[in-house]
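For reference, the structure is listed below as structure tokens.
The values are calculated or read from the model by the stated rules, or taken from the named source; none is laboratory data. Remember, it's a predicted structure, so these values are computed and weren't measured experimentally. As a convention, Cβ positions derive from the backbone with ideal geometry for all residues, glycine included, and neighbour counts pool all protein chains shown.
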Amino acid sequence: MKRILVFRHDKIGDFVLLWPALSLLKNALPNASIEVFVAPELKKFALACPYIDHVIVDNGDDRALRKEIAERQYDAALVSLSQFRIYKIIRNLPIPYVLAPKHNWYQYFYKNRTDAQYKVGEGCWRGGCMLVEHFLTSHNLAVPALPQQYWDVSAERAHWQQYYGKQKGEKLIFVHPGTGGSSGSLPPADFVNLLELVAKATEQDCKFVLTYNGDEIVLAQAIHEQLSEKGVSVIMAQPLKDLTDFAKSIVAADMFMAGSTGPLHIAGLHNVPTVGFYANRGSQPVVRWQTLSQSHKRLAFTPPKGKKTGRNMSLIDFNSTAKTIAEFLNSDNT
């Protein structure tokens, strides 16, 4: 096979969780061009992915997209994000093999289908891997092992540490207080309280770096002001030109804390230790939304489970949480 197209045109975090599947595909077929169909804002970030060779941007013009896909003469297409619209774009195109998940009624329009629903006890990222694993075994190809780290930009670590003003012996703790909507967000007062407790409890010299996007700057500024008044070492992240630079810059972090799954998942690409705050709704949110960092580098906290308590992030035990984070920072895991 010379060229394979993978559809994943939704949010940042969902796209990041496809990287393990893309690594399987690229490592199994190193000479093939692995290509993705993504949302416009993800184009440059997708091109930075080491497992992607070409990007088709979902510009909303389905007729033009259908023509573009046909001209690239794909040997296979894997529909990771299945929508009826996608079926209409690629139907009857000369693509020898198209694989879609067993999801929604239009799955039956596809000749090749597979179960791509991650199981209880698995992270969301397993769904994409299941799709690729079915594709590889169907073509008598071995399924490669997953890497321990999905994005190695360690050569840029010193540059980004300098960018954020890291001093010798200092730990940079990135904190993203906003939320993308997939999970909950800690109230600003609770974030201030937590970071102050961590700073007091840890033996490390920590500097907190507040990151934000768009209107989240107001929230970050409020937290910055309150922490500064309490004598906690904290800075506002300097603006970067685009998502790709921000994603690369996270390699500078010694820890990344957030309630927003998108930034957390990007941190996981670097195998940076992550601290996630998740609403306790549904089953096993800590497992389902786990980052791509190695298991010993993942911390996660939720409020008590329940209809009235599961989304109330202020019910998290912050004294216990701060103690756990401080102990982690004092260990060799970072």
>> Just checking, does segment 55-63 include any residue being of a type in the set (G, A, S), free of Cβ contacts under 8 Å to residues at least 24 places away in the same chain and either out of contact with any helix residue (DSSP H, G or I) (no Cβ under 7 Å at 6 or more places or on another chain) or crowded, with 21+ Cβ neighbours inside 10 Å (or both)?
In response: yes
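Residues to consider are A247, A279, A322, A326; find the one that is at pLDDT 95 or above, under 21 Å from the mean Cα position of the chain (by Cα) and in the same structural domain as I223 (by TED's automatic domain parsing). Working first, answer last.
Values: A279 fails: at pLDDT 95 or above; A322 fails: under 21 Å from the mean Cα position of the chain (by Cα); A326 fails: under 21 Å from the mean Cα position of the chain (by Cα).
Going through A247, A279, A322, A326 in turn, just one is at pLDDT 95 or above, under 21 Å from the mean Cα position of the chain (by Cα) and in the same structural domain as I223 (by TED's automatic domain parsing): A247.
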> Are any of the residues in segment 269-279 crowded, with 24+ Cβ neighbours inside 10 Å, closer than 19 Å to S314 by Cα, among the β-branched types (V, I, T) and without any contact (Cβ under 8 Å) to a residue 60 or more places away in the chain?
Replying inline: yes
>> Taking the condition of being more than 25 Å from L146 (Cβ to Cβ) and either among the acidic types (D, E) or outside any strand (DSSP E or B) (or both), how many residues in segment 283-311 meet it?
In response: 10
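Is one or more of the residues making up segment 124-139 within 17 Å of F15 (Cα to Cα) and either assigned to a loop (DSSP other than H, G, I, E, B) or in the same structural domain as V287 (by TED's automatic domain parsing) (or both)?
For segment 124-139, residues within 17 Å of F15 (Cα to Cα) and either assigned to a loop (DSSP other than H, G, I, E, B) or in the same structural domain as V287 (by TED's automatic domain parsing) (or both): present.
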> Of all the residues that make up segment 291-333, how many are among the β-branched types (V, I, T) and touching a Lys or Arg at 6+ places or on another chain (Cβ under 7 Å)?
Replying inline: 1
> When you go through L141, L99 one by one, which is the residue that is under 27 Å from the mean Cα position of the chain (by Cα) and hydrophobic (A, V, I, L, M, F, W, C)?
Replying inline: L99
>> For segment 120-148, give me the residue count where each residue is over 20 Å from N31 (Cα atoms) and of a type in the set (G, A, S).
In response: 4
> Looking at segment 165-217, which of its residues are part of a helix (DSSP H, G or I), under 20 Å from T261 (Cβ atoms) and in contact with a Ser or Thr (Cβ under 8 Å, 6 or more places away or on another chain)?
Replying inline: D190, L194
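Residue-by-condition table, conditions (1) in contact (Cβ under 8 Å) with a residue 24 or more places away in the chain; (2) surrounded by fewer than 17 Cβ atoms within 10 Å (Cβ to Cβ); (3) in the same structural domain as L292 (by TED's automatic domain parsing):
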residue: A77; (1), (2), (3): yes, no, no
residue: K88; (1), (2), (3): yes, yes, no
residue: V98; (1), (2), (3): no, no, no
residue: N104; (1), (2), (3): no, yes, no
> Is it true that K26 is out of contact with any helix residue (DSSP H, G or I) (no Cβ under 6 Å at 6 or more places or on another chain) and modelled with pLDDT under 95?
Replying inline: no
> Taking only pairs six or more apart or across chains, which ones have beta-carbon atoms under 7 Å, a first residue in segment 305-329 that is hydroxyl-bearing (S, T, Y), and a second residue that is surrounded by 15 or more Cβ atoms within 10 Å (Cβ to Cβ)?
Replying inline: T309/P303; T309/L315; S314/D190; T321/L194; T321/F301; T324/L299
> In this structure, does D152 turn out to be at pLDDT 95 or above, among the charged types (D, E, K, R), touching a strand residue (DSSP E or B) at 6+ places or on another chain (Cβ under 6 Å) and surrounded by fewer than 20 Cβ atoms within 10 Å (Cβ to Cβ)?
Replying inline: no
>> For segment 191-206, which positions are surrounded by fewer than 20 Cβ atoms within 10 Å (Cβ to Cβ) and either closer than 30 Å to E41 by Cβ or hydroxyl-bearing (S, T, Y) (or both)?
In response: T202
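Would you say A46 is buried (at least 21 other Cβ atoms within 10 Å of the Cβ), part of a helix (DSSP H, G or I) and among the aliphatic types (A, V, I, L, M)? Lay out the reasoning, then the answer.
On the way: buried (at least 21 other Cβ atoms within 10 Å of the Cβ): yes; part of a helix (DSSP H, G or I): yes; among the aliphatic types (A, V, I, L, M): yes.
Yes; evaluated as a whole, the condition is true for this residue.
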>> Just the residues that are crowded, with 18+ Cβ neighbours inside 10 Å and touching a helix residue (DSSP H, G or I) at 6+ places or on another chain (Cβ under 6 Å), please, taken from segment 228-242.
In response: V232, V234
